[in-house]
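*Asks:* Below is one structure. I have some questions about it.
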Amino acid sequence: MNKTLIISTLLALAMFETANGQKQTSNNRVPLVYQVENTGAQFKAPAMPTIDKLPVIRELPDALEGVKSFADWSHRRSDISHMIQHYGIGTKPAVDNGQVVARMQGDTLIVYVTVGGRTLRLQSEIRYPKEGQPPYALMIGTSMLSLPRQLFDNRPIAIMNFHEKQVNDYGQFGRHHERGEHDFDRLYPQLKDNGAYSMWAWGLSRLIDGLQQLGPEVTKIDTKRIGVSGCSYAGKMALYCGAFDERICLTIAQEPGGGGAASWRKSHELTLEGKNLEDLDKTDYHWFQESQKLNFHGDSVYRLPYDQHELCALVCPRALLLLGNPDYEWLADPSMLVSAQAAKKVWERFGIGDRMDWSILGGHGHCQLPERQFPEVQAFIDRFLLGRDVKTGNVQRFELK
């Protein structure tokens, strides 16, 4: 065997192609991303007991219950997803390919979704980079991309914002519609009790549908390299979007606060100690089903069959970075730390702990990422959106002011 053939054989053994077309080394055969929204769509929902039948669980529920290998994760992930939708945010309805029609108008992606004879229109401009060649990686900002632009300058990454008000126009300031009156509700009147986060996650997924339908020749976007990021209420939005769509390869949730990554159980305990933070009783219930507060207020939180570390775990095996700011007590970052530590065990179980990390640093304004946090954010962007050989997953810091 000649030298060239030996080298080619070794390269072939060292690399393989997953079902979604993503290349990985042979000692890490867990996919980085998928090309379907929900790999567990074939699994039925588990039994959903009434509140009085749910057991009291003082500690964080086991995200890996019943999981013996990675092959079991898709089913377990499906069960967690169903629980979060049933008890927390409401149903994120599935959409058939035939219900979506997409087109490009200049650099603007336009997507029409038709359900029950009613159509919802989404549109978002794509800002293409000056560096590199298409198809480009894409970072989607939920509402807006609050990460500093210098993290993307001189990198071949396109930027697009998801305008969530096209789906559900609730905002904490200014006029807005109420439950049952949003554009999403026209398509799904039976889901009028949904929280906004299920609706917003649904809407962002439809943009990805449009990108896939048109393909990279039209959009100049590589749909195997899509990230999502947002801050504050939009940090929660980014986390729910990333958790509920497996076509997103990188999720960066910046200062998401209570209802995002922060453990509901831990936040309840800290509230009892006199902390003023966003716990299950004090969050904004336009974002969640109102039944969540009715059923799990106060000490009833211990009957919640999941906690927010499992929302984080839904991102696995894809990449997740949590960013916090402990200067703002309301954000409940000590509770997010508890969730982060518990969630990371899921990635570690499958030998991919370097795909999940957290960095919780003070000394800066809300949603104003300081330069000393740039390195960990840049590493995740470079590795998971650009495929560069950089180390991730080894920061895991929490610094009080």
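*Asks:* Has the stretch 82-91 got at least one residue that is of a type outside the set (S, T, Y) and at pLDDT below 95?
*Replies:* No, because not a single residue in the stretch 82-91 is of a type outside the set (S, T, Y) and at pLDDT below 95.
*Asks:* Could you pull out the residue among S205, S232 that is open to solvent by less than 10 Å² (accessible area, probe 1.4 Å) and of a type in the set (G, A, S)? Give the derivation first.
*Replies:* Numbers: S232 fails: open to solvent by less than 10 Å² (accessible area, probe 1.4 Å).
Going through S205, S232 in turn, the sole match is S205.
*Asks:* Just need a number here: residues in the stretch 306-326 that are under 10 Å from the mean Cα position of the chain (by Cα) and either open to solvent by 10 Å² or more (accessible area, probe 1.4 Å) or charged (D, E, K, R) (or both).
*Replies:* Of the residues in that region, 1 qualify.
*Asks:* List the number of the failed condition for S263; all other conditions in (1) hydroxyl-bearing (S, T, Y); (2) buried (at least 24 other Cβ atoms within 10 Å of the Cβ); (3) without any contact (Cβ under 8 Å) to a residue 60 or more places away in the chain hold.
*Replies:* With respect to (1) hydroxyl-bearing (S, T, Y); (2) buried (at least 24 other Cβ atoms within 10 Å of the Cβ); (3) without any contact (Cβ under 8 Å) to a residue 60 or more places away in the chain, S263 is out only on (3).
*Asks:* Is it the case, given these coordinates, that R118 is buried (at least 17 other Cβ atoms within 10 Å of the Cβ), more than 21 Å from I140 (Cα to Cα), in contact with a helix residue (DSSP H, G or I) (Cβ under 8 Å, 6 or more places away or on another chain) and touching a residue at least 60 places away in the same chain (Cβ under 8 Å)?
*Replies:* no
*Asks:* Here is a further query. So N161 fits all but one of (1) touching a Gly at 6+ places or on another chain (Cβ under 6 Å); (2) outside any strand (DSSP E or B); what number is the exception?
*Replies:* The single condition N161 does not satisfy is (2).
*Asks:* Follow-up. Condition test on L250, is it touching a strand residue (DSSP E or B) at 6+ places or on another chain (Cβ under 6 Å), among the hydrophobic types (A, V, I, L, M, F, W, C), open to solvent by less than 10 Å² (accessible area, probe 1.4 Å) and within 23 Å of N97 (Cα to Cα)?
*Replies:* no
*Asks:* Quick one: would you say F296 is open to solvent by less than 10 Å² (accessible area, probe 1.4 Å), over 23 Å from C231 (Cα atoms) and of a type outside the set (V, I, T)? Break it down stepwise before answering.
*Replies:* Numbers: open to solvent by less than 10 Å² (accessible area, probe 1.4 Å): yes; over 23 Å from C231 (Cα atoms): yes; of a type outside the set (V, I, T): yes.
So F296 passes the test.
*Asks:* Among M104, M139, which is of a type in the set (A, V, I, L, M, F, W, C), under 28 Å from Y170 (Cβ atoms) and either surrounded by fewer than 19 Cβ atoms within 10 Å (Cβ to Cβ) or in contact (Cβ under 8 Å) with a residue 40 or more places away in the chain (or both)? Please lay out each step first, then the result.
*Replies:* On the way: M104 fails: under 28 Å from Y170 (Cβ atoms).
Sole residue among the options that is of a type in the set (A, V, I, L, M, F, W, C), under 28 Å from Y170 (Cβ atoms) and either surrounded by fewer than 19 Cβ atoms within 10 Å (Cβ to Cβ) or in contact (Cβ under 8 Å) with a residue 40 or more places away in the chain (or both): M139.
*Asks:* Now for a separate question. Pairs needed: first member in the stretch 183-208, over 23 Å from E246 (Cβ atoms) and at pLDDT 95 or above; second member anywhere, open to solvent by 10 Å² or more (accessible area, probe 1.4 Å) and of a type in the set (A, V, I, L, M); C-beta distance under 8 Å; at least 6 residues apart or different chains.
*Replies:* Close Cβ pairs (under 8 Å, with a partner that is open to solvent by 10 Å² or more (accessible area, probe 1.4 Å) and of a type in the set (A, V, I, L, M)) amount to D185/L191.
*Asks:* Which of the following residues is touching a strand residue (DSSP E or B) at 6+ places or on another chain (Cβ under 8 Å), open to solvent by 20 Å² or more (accessible area, probe 1.4 Å) and among the charged types (D, E, K, R): R355, R383, R372, R303?
*Replies:* Checking each option against the conditions leaves just R383.
*Asks:* Would you mind finding the one in D193, D245, D222 that is open to solvent by 10 Å² or more (accessible area, probe 1.4 Å) and assigned to a loop (DSSP other than H, G, I, E, B)?
*Replies:* D193
*Asks:* Go through the residues of the stretch 218-232 one by one and say whether even a single one is touching a strand residue (DSSP E or B) at 6+ places or on another chain (Cβ under 7 Å) and on the phi > 0 side of the Ramachandran plot. Show your work before the answer.
*Replies:* Let us first name the residues in the stretch 218-232 that are touching a strand residue (DSSP E or B) at 6+ places or on another chain (Cβ under 7 Å), namely 218-222, 225-231.
Narrowing further to those that are on the phi > 0 side of the Ramachandran plot: 220.
Yes, some residue in the stretch 218-232 is touching a strand residue (DSSP E or B) at 6+ places or on another chain (Cβ under 7 Å) and on the phi > 0 side of the Ramachandran plot.
*Asks:* Right, here's the next one. Counting only residues that are without any contact (Cβ under 8 Å) to a residue 24 or more places away in the chain and of a type outside the set (A, V, I, L, M, F, W, C), which one in the stretch 155-175 is least open to solvent (accessible area, probe 1.4 Å)?
*Replies:* G171
The values are calculated or read from the model by the stated rules, or taken from the named source; none is laboratory data. Just so it is clear, the model here is predicted, and its values are computed rather than measured. Positions of Cβ are backbone-derived with ideal geometry, glycine not excepted, and every protein chain shown enters the neighbour counts. All accessible areas refer to the heavy atoms of the entire protein, side chains included, with ligands and DNA or RNA removed. Shrake-Rupley method; radii C 1.70, N 1.55, O 1.52, S 1.80 Å.
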